[in-house]
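Student: Here you go, one structure.
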Amino acid sequence: MSPHSLTATPDRTIRDAAEIMQRMDTGFLPIGENDRLVGTVTDRDIVVKGIAKDKTADSPLRDVMSTDVLFCYDDQEVAEVARNMGECQVRRMPVVDRDKRLVGVISLGDLSAHGDPSAAGVALEDISA
């Protein structure tokens, strides 16, 4: 996983999120509030739920973020995480500790480069289906 120290709050703007994503060279940003993960926003969310629905760059992230947060625990087996990513058809997933505090983000690239490349391949196959 990649340690992920940056989060945004739901009241930050779409512009703020886009600028953070650009700086971090990512298309994914966890949304936190009161020390808890409350959502995520992707570059796709900004386009599909924002621009396509006439939201402005100054609209709050709560208007475009996904609140149905899929996550995994930092002590889960890599193969199980890869399987869940494939079943849920997601390329990135927040990683939380058992107190549900964000500790990182795992991506297909992380699985491939540092985990089990075959598990990453199975996950990608399921995501693409």
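Nothing in this text is a laboratory measurement; each read-out follows from the coordinates by a stated rule. This structure is a prediction, so every number in the text was calculated from the model and none was measured.
Student: Taking the chain as a Gaussian network, Cα atoms linked when under 10 Å apart, which of Asp58, Asp16, Asp45 shows the biggest mean-square fluctuation?
Tutor: Asp58
Student: Give the label of the value calculated from the structure for Rg/Rh (Cα atoms, Kirkwood Rh), choosing from (i) 0.98; (ii) 1.40; (iii) 0.94.
Tutor: The calculated read-out lines up with (i).
Student: Now for a separate question. For the chain, set up a GNM with springs between Cα atoms under 10 Å and report which of Arg36, Arg23, Arg12 has the largest fluctuation.
Tutor: Looking only at Arg36, Arg23, Arg12, the largest GNM fluctuation is found for Arg23.
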